[in-house]
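Reviewing the structure listed below.
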Amino acid sequence: MFGKKKDEMAMEEISRMLEKLLNGEELKVADLTYGDTLPDKIRHQVIRLSEKMKGTEARVGKERDETRKLISEIAHQMRTPLANIESYTLLAQSANADKRNGYFTALEKAEEKLHFLVENFIKMSRLENGIIQIRKESESLQETILSSVLMVQGGAEQKQIDIWLEMDDKVSVWHDFAWLGEAIYNLLDNSVKYSENGSVIQIAVKQDELYTRILVSDQGIGIGKEEEGKIFQRFYRGKDVQRQPGLGLGLYLAREIVTLHGGFMKCKRKEKGLDMCIFLPT
């Protein structure tokens, strides 16, 4: 009878614990009695379940806050081109032929900005949700880099910026030509955008047994010491580039792409400019 009574008391205690769990109350490990009996094991399992639920709630809360922030950022970024499209459309309706042409040009620029925003948001979403599959092949790295250089060549020429490439043309590494090219383009685009007229951007590739390193070095405005840990964050823009066009997505997307390749990225401040480095497994 005594054993039966003890078992009933243990089950009542477990029932109270489960009721607390259902009500969202915190269960304390200190209240447990330690032993090898079945009720003791169930108590421990209930405590573990409580801790797991707490961790899940915290993660869901964090994801919810990040989603709200993301929606707010997207709305903020899209507000200006949408407002421009609305304004220039109304102005064009009542303008003469000469002014109408100017408004149509402004509309095209606003539409291009909106298209650019949407494309980058789609890329970001697909990367974060694992929709994009990186298809790696052992390809020439030089071809991938040169294709990225070609994409920024027009902007570089407008600012009389020279782009130098130093690498062995036989270097190959397992990578996705299109997506790694996108990551390298983002680094070069930033360098061109934030470098002075007549400066130089250097690309250097070195390979050893462990890693293939792609270094993009510029003579631009660089970043502050306190920004080294922030520049890869989504939507982060340095304090010295707020007046420049941009979203703060380029480096974030580049790092996500490199991570999917099994690599990592580092940045290094210089007296003038910035070194951005991609490390890929050799």
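No value in this document is a laboratory result; all are computed from the given coordinates. Computed from a prediction, not measured in an experiment: that's the story for all the values here. As a convention, Cβ positions derive from the backbone with ideal geometry for all residues, glycine included, and neighbour counts pool all protein chains shown.
Put a plus charge on the Cβ of each Lys and Arg, a minus charge on the Cβ of each Asp and Glu, and nothing anywhere else: the dipole of region 137-281 about its Cα centre is then about 760 debye.
Sum up the charges of everything whose Cβ sits under 13 Å from the Cβ of I257, counting Lys and Arg as +1 and Asp and Glu as -1, but leave I257 out. Overall, the nearby charge balance is +1. Just one of (1) 21.0, 72; (2) 27.8, 101; (3) 17.4, 48 is Rg and Dmax of the Cα atoms in Å calculated from these coordinates, so which is it? Identified label for the calculated read-out: (2). Annotation: amide H-H contacts under 5 Å for T282 (H modelled 1.01 Å from N, sequence separation of 5 or more, or interchain): Y211, T212.
May I ask for the longest run of the chain untouched by chymotrypsin sites (Phe, Trp or Tyr not before Pro) that are loop-located per DSSP and have at most 15 neighbouring C-beta atoms (other than their own) within 10 Å? In the chain, the maximal stretch lacking such sites is 35-235. Proximity of backbone amide H atoms, modeled 1.01 Å from N, is registered between V173 and E139, L141 at under 5 Å, excluding neighbours fewer than 5 places apart on the same chain. Couplings for region 97-106, taken from phi via the Karplus curve 6.51 cos²θ - 1.76 cosθ + 1.60 with θ = phi - 60°, read 4, 4, 5, 4, 4, x, 5, 5, 5, 5 Hz in order; Gly and Pro are left as x.
In a DSSP loop and with at most 15 other Cβ atoms within 10 Å, the trypsin sites (Lys or Arg not before Pro) in region 132-197 are R135, K159, K170.
Amide H to amide H, with H built 1.01 Å from N, S199 comes under 5 Å of D162, counting only residues 5 or more places away or on other chains. Taking GluC sites (Glu not before Pro) in DSSP loop conformation with at most 13 other Cβ atoms inside 10 Å as exposed sites, the chain has its longest uninterrupted site-free stretch at 27-208. Coupling constants for region 146-154 follow from the phi torsions by the Karplus curve (6.51 cos²θ - 1.76 cosθ + 1.60, θ = phi - 60°), and in residue order they are 5, 5, 6, 4, 4, 5, 9, 4, x Hz; glycine and proline get x.
Only the Cβ atoms of Lys and Arg (+1) and of Asp and Glu (-1) were treated as charged; on that basis the dipole of the chain about its Cα centre amounts to roughly 780 debye. Computed from backbone phi, the HN-Hα couplings of region 118-123 come to 4, 4, 6, 5, 5, 4 Hz, rounded to whole numbers (Karplus: 6.51 cos²θ - 1.76 cosθ + 1.60, θ = phi - 60°; Gly and Pro given as x). In this structure, the residue pairs whose Cα-Cα separation is over 28 Å, taken from K159/K268; K109/K230; K109/K225; K109/K266; K20/K41, are K109/K230; K109/K225; K109/K266. Comparing R16, R79, R213 in a Gaussian network model of the chain, where Cα atoms under 10 Å apart are tied by springs, the biggest mean-square fluctuation is seen for R16.
Each label was represented as a point 7 Å from its Cα along the Cα-to-Cβ direction; for H44 and R79 these points are 5.5 nm apart. Compared with the dominant Cα axis of the chain, that is its longest principal axis, helix 2-22 is turned about 30°.
Estimated from helical segments only, the mean residue ellipticity of the chain at 222 nm is -19500 deg cm²/dmol, where each DSSP H run of four or more residues counts as -39500 (n - 2.57).
Helix 38-93 versus the longest principal axis of the chain: what angle, 0 to 90°, nearest 10, using Cα atoms? Approximately 30 degrees, to the nearest ten. Fully extending the segment from I122 to V200 would add 24.8 nm, taking 0.36 nm per residue of separation and subtracting the current Cα-Cα distance.
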